[in-house]
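Structure first, then comments.
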2 protein chains.
Amino acid sequence: MFLFLANFASAQTQLQLNLMPMPASVQPGPGELPINQSFSVAVTGNHDASLDGEVQRFETQLSRQTGIPFRPKPGATPALTIHADHGREAVQKLGEDESYELTVADSGAKLTAPTTLGAMRGLQTFLQLVQITPTGFAAPAVTIKDQPRFAWRGLLIDVSRHFIPLDVLKRNIDGMAAVKMNVLHWHLSDDQGFRVESKKFPKLTQAGSDGQFYTQDEIRGFINYAYDRGIRVMPEFDMPGHTRSWYLGYPELSSGAGPYTLEGGGIDPIMDPTRESTYKFLEKFIAEMAKLFPDAYFHIGGDEVDGKQWDANPKIQEFIHAHNMKNNQDLQAYFNQRLEKIVSKNHKTMVGWDEILHPDLPKTIVVQSWRGQASLAAAAKQGYRGLLSYGYYLDLMWPAARHYAIDPMADDAATLTPEEKKLILGGESCQWAEWVTPENIDSHIWPRNAVIAERLWSSAEVKDTASMYARMNAVRYELEWLGLTHNSARTEMLQRMAGNGDITALRVLADVVEPVKDYNRWDDAKGPIDFHAPLTRMIDAVNPESDTARRFTDLVQTFAQSGCKDQAAEAQIRGYLTTWRDNDARLHPVLEQSVLLKEDAPLSQSLSALGAAGLQALDYLDKHQTAPDSWKTQQLAAIDQAKTRQADMLLMVVAPVQQLVEASTIQHN
Amino acid sequence: MFLFLANFASAQTQLQLNLMPMPASVQPGPGELPINQSFSVAVTGNHDASLDGEVQRFETQLSRQTGIPFRPKPGATPALTIHADHGREAVQKLGEDESYELTVADSGAKLTAPTTLGAMRGLQTFLQLVQITPTGFAAPAVTIKDQPRFAWRGLLIDVSRHFIPLDVLKRNIDGMAAVKMNVLHWHLSDDQGFRVESKKFPKLTQAGSDGQFYTQDEIRGFINYAYDRGIRVMPEFDMPGHTRSWYLGYPELSSGAGPYTLEGGGIDPIMDPTRESTYKFLEKFIAEMAKLFPDAYFHIGGDEVDGKQWDANPKIQEFIHAHNMKNNQDLQAYFNQRLEKIVSKNHKTMVGWDEILHPDLPKTIVVQSWRGQASLAAAAKQGYRGLLSYGYYLDLMWPAARHYAIDPMADDAATLTPEEKKLILGGESCQWAEWVTPENIDSHIWPRNAVIAERLWSSAEVKDTASMYARMNAVRYELEWLGLTHNSARTEMLQRMAGNGDITALRVLADVVEPVKDYNRWDDAKGPIDFHAPLTRMIDAVNPESDTARRFTDLVQTFAQSGCKDQAAEAQIRGYLTTWRDNDARLHPVLEQSVLLKEDAPLSQSLSALGAAGLQALDYLDKHQTAPDSWKTQQLAAIDQAKTRQADMLLMVVAPVQQLVEASTIQHN
C-alpha cells in the first residue's frame, strides 16, 4: 500500500488519483472511462430515497465539476451501474456497513455494496476519480475495495459562541459526505447561547439566545438532510458547566444567585446538582430532546467544570459532606450518574467529555477525549468506549500535517490489548466557534478536516505527508464545487479590507501569514470576548495554514540540499523573494486607507525585509562570497523581529529566509 | 456637474464617490457618518411591504459588505431616517415617481421621497456611498437629489437558447436594482425552447422545451420578487418568426409542413398569419399570458422574419395577392394588426422590435430598436414611442466605453422636436443567450450593464470614460456582495480547465484576452449550434473586456507621451512584459494536460512573444539605440500573428506592444 502511494507521487505523467480519504485497496487498471454528454447512471439493486437522492446529487455535482450537461440517449448503456444488496437503517446506526467495491474500466464502471449507505460512499469516491485529461474528462481504470477503519468519524460544530445558520451547516454536511465522515456532533448549548427551541422550556431560547436558534421543524429537516447524506447527528447539551445561557430563563437551575447575562462576567455559573428540581427539569428536557434527535447517542458535555460556584454555595458544600463525597469531582460524578439514568431511560447512550470518566458510571457510556490520548487509553483500560478529539481541534490553527500525525491507536492506545482497542470507536474533529462567523467558518474547517477524515477512514499506514498535501489540495477544489466557501470567502474578505482597491499585493501578504496558534489569540482579549464584534481582520480571513510558506520552505530545503547549486530552485526562490521585497511599496497605500488593515503595516514591512535579506544572501552565495558578520548580525536582528507575533498573526517564511542568511555566512568559512 | 466629476477623479486623497448611476445632483458636505454596530434605520413616513422588505435587505447587505453585525441599543437615535410621502402602485407603472433626496451628515442621514419606490432607489445610493476609511466604515457627508432621465431602463434576458433558472435571474434582479434599472424584459420563447407553462396549451413546453421551463406559480413568485425590488417584468413571446419551439406541440400554427425539432435544421419556420385558427390560438394564449403577467406592456417580438416559408407556401402567396398586399412585409403588418387587437383587448400595450413599425398600427404601440438609432428616430417622427437597444447588446462583447458612448437622444434622435423626443422612453440592454449558461451569464452581463444603466438614468453630460471605469470597478465588487458571480465564476471555470493545477499562469493569459466581437464566434459554428454542448472553453470564462489590457494600454500611452522618459510607467510596463514573456513556460504544462486548454497554446506563445518584443523595444529605447530594421520586420510579423483570432479570442495587448516596437525603431532616425 505504501509503495503504491509512492508510485502515485512519482508518476507525474500518468493520472494521479486524488482520493481523500485513501481507500483500503486501490489497484490501477489500463485505460480510462470517458465522462462525456452520454454519461448516465443505473441503479440495478436495492434502492431507497437516500440512494436515489444521492445519485441525483452525484449527477448534478459531476455535471458542475466538468461543466458537461449530460444528455444520454434513451436506451444507451449506462456508464456507471450501482448495485446495493440491502437498504440502510431507518436511523443510521454506529457501525452500519459502509463498505463498497468500485471497478472502473474503459467500457464502464460498476459500484457494488452490501448497503445503500456503502453505495453512497462509493459514489463520492467516483466523483474524486474524475479528472480532466488531454482528451477529455475521464475516470481512470481502477479497482477499489474500501471500508472504514473506524466506525465513528465525526466533526463537532459549536453553534453557541457564534450562531451558524442551517445553510452553512448543510454545505458542511456536504463536505463531510465528500470525505466520508459520518457524525455531526452538534454543540447546541453553551454559556453564550442556547440554540434549540424547547417547547417545554421556551425561555431557554427566548431568554438564553440573541434570537438566533433552530426551531424543532428546522432541526428535523436538517437531520433528514444529514441522513440522506449518510451522516448521523448527535446533539450535545453541555452540563453542568458551560451553561450560563440556561440561567437567563431558568436561574433556579444554577448554583449561584445570578442575575446572569449572555455577555458574561463574574464567575462561570454551574448547574446545581443537589436539588431534585434540577433533575425534574432535566427529565422533561431530555425526554423532549431525545424525541427530537433520533440518534442513539446523546452527548451531555461534562467538560471544564469550574467548581467556584459550588465552593461558594454552603448548601452545596453541605450536600457534599452529607453524602460522603470527597470533592466537587465526586459531586459531578453523582450528577452524571443521575443524568445517565435519565438518558438511558430515553433509550439513548450517554456520551461525555473525558472529565466524566468515573468508575461509578456504567460501561455503556462513551468517553470523548479532548485532553490527551492518555485519557482515551485509560478509559479503554477501564472498559469504556472512547473517541479521540485531542489533536483534532481545528480552531487551534495547526497545520494539516500535525493533525494527520495523530492516530487514535497511537501513543498510550498502542499499549492496549486487542479487546481494549476495539473500544476505541474513532474520533471527531472540533470546530469551536469563538472566532468564526458564517463567513469564515468554512476556511477554518476545510480543507484540513479532510485530512482528519482520512486519518479516521484510511489505514494507519497511509501517512505520507507529501501525498497527503497533494491530495488535500485536490479536495480543496472539489469541496468548493460543492458550495463550500473556504477559497472564495477569503477573496471577498480581503476585498472588503481593501475597499475597492486592487488586492494583488494584499494577497501576497495574506498568502504567507497564519493566525497565532493554540489559544494565543485569547491573550489579547481583555475581559469577556464580545461575541457580536465583527470578525473581519486579516487574521479572520487568512488560511490556518499557508501553502505558499510550505512550498517556499520546501524549495529552500531542496536548494540547501543541493549545496546551494540547484539553479531551478534558486530561480523560484528569487521569484518569491523579489515579490516580497517589492510588496510593501505596493501594499502600503492600501493599508493606510483601511481601518481593518492599518495593524498589518509592520507585518508587511517585515515581509519586505525578509525578501531583501534573502536576495542578498543569494547574491553572496552566487558570488561564492561569505557574507560579512556585521551584515549577518543586522539580518538576524530583522529576522528576530519578523518572528514576533504581529496583529495576531505569524509570518511563516521566516525560518527558510534565516536558513538562506545562515548559509550565506558559513559557506566559505 | 462635469467639473465636479473631474474633481472626483483627481482627488485621490479624499473619499471618492463610487456612485453608479451618477445622481442628478451631488453636493459634498463636511465630515462623514460612521457605520458601526449601533447603525439602525427608522421609517417614519409611508411604508409598505416593498419598502419594509427593502430596508431589511439593505441592512443585511450593509452588514455583509462591512462585516459588521448591527446591534443598535434599544431607543437609540437611528442613523438613517426614511420618509416616503406615498406608497407605490400595486402594479409598477411606467413613469412612476422614482425620485428621492438623500442627505448624509456626520450626525445622521435622511432619505425622503415622494413614493416608497423612490425611497428604495435612495437606499441603493446609500449602499454605494459606504466605504472603508482609515478610521472605520463611513458614508461621506453629501446631499443628493436624484431622479431618472428615462422612465424605461431595462435588461433583456433570453432564456430560450439556454435556460436560465430562477435563482440566477433573481440575483440579476438584485443587480438591476443596485444600478436602478426598472424593467426585466423576459425573452421567454424562441426557436430553441418555449419556457413558460401554458395551462391552455401544455404542449408548448411539453414538446417545445427540453423539460426546462417555469411553472406559472414560479413566474408569479418571480414577478413578486422583482416588484419588491422596483422592477417591472415584461414578457416577450416572439412572433411570427423565432417560433420553431411552438410547432413541436402545435405544428398547425406554422407556415410549413414540418416535422420540427428543437435542434433545428432546414429553413426557419414562421407562423401562418393567413389562417383564422392561428388567431383563435393566440386569442386564448395571449389571454392566459396577459393574466399571468400583470405588467401593462406585452412584447410580441416581430424581428427577423425570414420569409422563406411564406414564399414556399402557395396558399400564403395566394392570400397575399387576394388581400392586395405587396409582399411578406405587408403580411407581417397584417399579422401585427390582428395581434395588436388581441393584445389591447387584454388591456395591454403592444411592444415589438423595429420591424413592426408600419403606419397601419395604432400610435399606442412601443417600438424597440435593435437595428439602429435611425429607426428609433423614424418611429418617433411617426408618433410612436420607442426604446433603444441598438448599441446595448451585451452579447456582442463590446467594451463598456462603447456602450457608454451610445445615447438614445444622440444621432438621428438629436434632430427630433421636443415633443418627438418625449416619445423616446429609454432603452434596454440585451443578453441573448446563445453562448451563456447559468455559470457564466453574470460575467456577460456585469459589470458592463451598470454602465448602460447609468446611461439611461443619469444626465447625458455624465460621460467621462475614466470616471466611468473607476466607478464601474467599484460597482463590480458591490454586485458580487449581492450574490452575483461575475468575478468568482471565472476563477472556478479556470480551475476546472486546469484540473487541480495552479491557475496563476492561466489567469495571466485570461487577463489579457477577450472573446471575438460581434457575431464572429458564429463563424466557426458549422450547421445549427448545439445549445446543449458544454460552454467551458477559455472564451466562455474570460471577461468580455480586459481591465489589464486597458491599464497596460494607458501605461504605454503615458510612457509614449512622456517621450519615453516616464520611469515609473516604464517600470510598470516592464513588470507586465516580463510576466508575459515568462508565462508560456509556466503555463505550457497546464495547457498540455487539459482538453479544454490545448487550443490556447498558440495564444500563450503569442503573449510570450509580445512580452519579449516589448522588453527588447524598451532596451533599445533605454540605450537610445534605434532598433535595426531586420529586428523590426521580424517583430511586426510576430505582432501580425498575435493579432489573429486564436481559439475564438483576441489578445488585447498587441496594439500597445506594437507601439513600443515602432517607437524603438523611429526614435533616433
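The values are calculated or read from the model by the stated rules, or taken from the named source; none is laboratory data. Not measured: the values here are computed from a predicted model. All Cβ positions, glycine included, derive from the backbone under ideal geometry; neighbour counts span all protein chains shown. Each accessible area value is taken on the protein alone, full model and side chains, heavy atoms only, with ligands, DNA and RNA left out. Shrake-Rupley method; radii C 1.70, N 1.55, O 1.52, S 1.80 Å.
Within the stretch B:507-530, work out how many residues are outside any helix (DSSP H, G or I) and either surrounded by fewer than 14 Cβ atoms within 10 Å (Cβ to Cβ) or at pLDDT below 90 (or both).
8
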*asked:* Test of understanding: among B:133, B:143, which residue is open to solvent by less than 20 Å² (accessible area, probe 1.4 Å) and either of a type in the set (Ser, Thr, Tyr) or within 14 Å of chain A (Cβ to nearest Cβ) (or both)?
replied: B:133
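Looking only at the stretch B:477-495, how many residues end up being part of a helix (DSSP H, G or I) and farther than 20 Å from residue B:59 by Cα?
8
Could you pull out the residue among B:240, B:259, B:269 that is crowded, with 21+ Cβ neighbours inside 10 Å and either at pLDDT below 95 or of a type in the set (Asp, Glu) (or both)?
Numbers: B:240 fails: either at pLDDT below 95 or of a type in the set (Asp, Glu) (or both); B:259 fails: crowded, with 21+ Cβ neighbours inside 10 Å.
None of the other options fit; the residue is B:269.
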*Scan the stretch B:562-587 and report the pairs whose first residue is of a type in the set (Lys, Arg) and whose second residue is buried (at least 16 other Cβ atoms within 10 Å of the Cβ), with Cβ atoms within less than 7 Å and a gap of 6+ or a chain change.*
B:574/B:615; B:574/B:618; B:581/B:608; B:581/B:611; B:581/B:612; B:581/B:615; B:586/B:505
_I need every pair where a residue in the stretch B:481-504 that is open to solvent by 40 Å² or more (accessible area, probe 1.4 Å) has its Cβ under 7 Å from the Cβ of a residue that is in a loop (DSSP other than H, G, I, E, B) and not aliphatic (A, V, I, L, M), sequence separation at least 6 or different chains._
B:500/A:18
*Which members of the stretch B:533-558 meet the condition of being within 12 Å of chain A (Cβ to nearest Cβ) and open to solvent by 20 Å² or more (accessible area, probe 1.4 Å)?*
B:533, B:534, B:537, B:547, B:551
*For the stretch B:69-92, which residues satisfy the criterion of being within 23 Å of residue B:36 (Cβ to Cβ), touching a strand residue (DSSP E or B) at 6+ places or on another chain (Cβ under 7 Å) and not polar (S, T, N, Q)?*
B:78, B:79, B:80, B:82
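Right, residue B:204: within 24 Å of residue B:279 (Cα to Cα) and assigned to a strand (DSSP E or B) or not?
Numbers: within 24 Å of residue B:279 (Cα to Cα): yes; assigned to a strand (DSSP E or B): no.
No.
Would it be correct to say that residue A:405 is over 22 Å from residue A:465 (Cβ atoms), surrounded by fewer than 23 Cβ atoms within 10 Å (Cβ to Cβ) and in contact with a helix residue (DSSP H, G or I) (Cβ under 9 Å, 6 or more places away or on another chain)? Walk me through how you get there before you give the answer.
Details: over 22 Å from residue A:465 (Cβ atoms): no; surrounded by fewer than 23 Cβ atoms within 10 Å (Cβ to Cβ): yes; in contact with a helix residue (DSSP H, G or I) (Cβ under 9 Å, 6 or more places away or on another chain): yes.
It is false that residue A:405 is over 22 Å from residue A:465 (Cβ atoms), surrounded by fewer than 23 Cβ atoms within 10 Å (Cβ to Cβ) and in contact with a helix residue (DSSP H, G or I) (Cβ under 9 Å, 6 or more places away or on another chain).
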*Tabulated pairs, the stretch B:408-427, first outside any strand (DSSP E or B), second open to solvent by 60 Å² or more (accessible area, probe 1.4 Å), C-beta under 8 angstrom, 6+ apart or interchain*: B:409/B:421; B:413/B:421; B:416/B:381; B:420/B:381
*asked:* One residue is enough: does the stretch A:62-71 have a residue meeting the conditions among the hydroxyl-bearing types (Ser, Thr, Tyr) and either closer than 30 Å to residue A:152 by Cβ or within 14 Å of another protein chain (Cβ to nearest Cβ) (or both)?
replied: yes
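Conditions (1) away from every other protein chain (no Cβ under 14 Å); (2) in a helix (DSSP H, G or I); (3) free of Cβ contacts under 8 Å to residues at least 24 places away in the same chain; (4) surrounded by fewer than 20 Cβ atoms within 10 Å (Cβ to Cβ), marked per residue:
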| site | (1), (2), (3), (4) |
| --- | --- |
| B:92 | yes, no, no, no |
| B:102 | yes, no, no, no |
| B:125 | yes, yes, no, no |
| B:149 | yes, no, no, yes |
| B:172 | yes, yes, no, no |
| B:175 | yes, yes, no, no |
| B:181 | yes, no, no, no |
| B:187 | yes, no, no, no |
*asked:* Can you find, within the stretch A:114-123, the residue that is nearest to the other protein chains (Cβ to nearest Cβ) among those that are open to solvent by less than 10 Å² (accessible area, probe 1.4 Å) and touching an Asp or Glu at 6+ places or on another chain (Cβ under 7 Å)?
replied: A:123
*Is it true that some residue in the stretch B:520-532 is of a type in the set (Gly, Ala, Ser), more than 14 Å from chain A (Cβ to nearest Cβ) and closer than 19 Å to residue B:608 by Cα?*
no
*asked:* Within the stretch B:559-573, take every residue that is open to solvent by 60 Å² or more (accessible area, probe 1.4 Å) and not in a loop (DSSP other than H, G, I, E, B) and give me the one that is farthest from the other protein chains (Cβ to nearest Cβ).
replied: B:561
*Please state which of the following conditions residue A:504 fails to meet, knowing it meets all the rest: (1) modelled with pLDDT of 95 or more; (2) of a type outside the set (D, E, K, R); (3) in contact with a Lys or Arg (Cβ under 8 Å, 6 or more places away or on another chain).*
(1)
*Of the numbered conditions (1) closer than 27 Å to residue A:294 by Cβ; (2) in contact with a Phe, Trp or Tyr (Cβ under 9 Å, 6 or more places away or on another chain); (3) part of a loop (DSSP other than H, G, I, E, B); (4) more than 14 Å from every other protein chain (Cβ to nearest Cβ), residue A:78 satisfies every one except a single condition; which is it?*
(1)
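When only residues in the stretch B:587-603 that are at the interface with another protein chain (Cβ under 10 Å from one of its Cβ atoms) and open to solvent by 20 Å² or more (accessible area, probe 1.4 Å) count, which is nearest to the chain's Cα centre (by Cα)?
Only one residue fits best here, namely B:596.
Could you tell me whether residue B:622 is among the acidic types (Asp, Glu), in contact with a helix residue (DSSP H, G or I) (Cβ under 9 Å, 6 or more places away or on another chain) and surrounded by fewer than 16 Cβ atoms within 10 Å (Cβ to Cβ)? Please lay out each step first, then the result.
Numbers: among the acidic types (Asp, Glu): yes; in contact with a helix residue (DSSP H, G or I) (Cβ under 9 Å, 6 or more places away or on another chain): yes; surrounded by fewer than 16 Cβ atoms within 10 Å (Cβ to Cβ): yes.
Yes, satisfied.
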*Got at least one residue in the stretch B:447-463 being open to solvent by 10 Å² or more (accessible area, probe 1.4 Å) and either in contact with a Phe, Trp or Tyr (Cβ under 8 Å, 6 or more places away or on another chain) or assigned to a strand (DSSP E or B) (or both)?*
yes
*When you go through (1) in contact (Cβ under 8 Å) with a residue 12 or more places away in the chain; (2) within 14 Å of chain B (Cβ to nearest Cβ); (3) open to solvent by 40 Å² or more (accessible area, probe 1.4 Å) one by one for residue A:616, which number turns out not to apply?*
(2)
*Restricting the stretch A:496-506 to residues that are of a type in the set (A, V, I, L, M, F, W, C) and in a helix (DSSP H, G or I), which is nearest to the other protein chains (Cβ to nearest Cβ)?*
A:497
*Under 6 Å by Cβ, and 6 or more places apart or on different chains, what pairs join a residue from the stretch B:459-480 that is under 23 Å from residue B:442 (Cα atoms) and within 14 Å of another protein chain (Cβ to nearest Cβ) with one that is open to solvent by 50 Å² or more (accessible area, probe 1.4 Å) and basic (Lys, Arg)?*
none
*Would you tally the residues in the stretch A:189-217 being open to solvent by less than 10 Å² (accessible area, probe 1.4 Å) and of a type in the set (Lys, Arg)?*
1
*Of B:587, B:650, B:603, B:607, which residue is modelled with pLDDT of 95 or more, out of contact with any Pro (no Cβ under 7 Å at 6 or more places or on another chain), outside any helix (DSSP H, G or I) and within 30 Å of residue B:499 (Cβ to Cβ)?*
B:650
